[in-house]
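Please read the structure below before turning to the comments.
The values are calculated or read from the model by the stated rules, or taken from the named source; none is laboratory data. Please read these numbers as outputs of a predicted model, since none were measured by experiment. Every residue, glycine as well, gets a Cβ built from its backbone with ideal geometry; the counts of neighbours run over all protein chains shown. Just the protein is used for accessible areas: all its heavy atoms, side chains included, with ligands, DNA and RNA removed. Shrake-Rupley method; radii C 1.70, N 1.55, O 1.52, S 1.80 Å.
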Amino acid sequence: FNRALRDFSGQSKPRHIDGIILTKFDTIDDRVGAALSMTYTTGQPIIFVGTGQTYTDLRKMNVSQVIRALLRA
């Protein structure tokens, strides 16, 4: 995605991904691997996660809480 932003921007100094917002992250299970891959591939943090169905359900990413939930599973 970063490459597409660069290739199709038409600017001499195109922007890249600054951070990630996951809109569906209300359960922590084996699908968390996709989130880890996103941060590894882009080198950018997950800033907000969606924990429900409305805009007010966006929360700041709490890494320690996710790790604790993964270790419990």
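With all protein chains in place and a 1.4 Å probe, the accessible surface of the chain carries 57 percent carbon and sulfur. For region 4-73, trypsin sites (Lys or Arg not before Pro) meeting the loop criterion (DSSP other than H, G, I, E, B) and having at most 14 other Cβ atoms within 10 Å: 15, 24, 31.
Under the 0.36 nm per residue contour assumption, what length would be gained going from the current alpha-carbon distance of residue 67 and residue 9 to full extension? The partial results should precede the final answer.
Working: separation 58, 0.36 × 58 = 20.88 nm, distance 3.65 nm.
Extra length available between residue 67 and residue 9 comes to 17.2 nm.
The angle between the Cα long axis of helix 32-42 and the longest principal axis of the Cα atoms of the chain comes to about 30 degrees, rounded to the nearest 10. Counting only alpha carbon atoms, the long axis of helix 63-72 and the longest principal axis of the chain meet at about 50°. On a per residue basis, the convex hull of the C-alpha atoms belonging to the chain measures out at 107 Å³.
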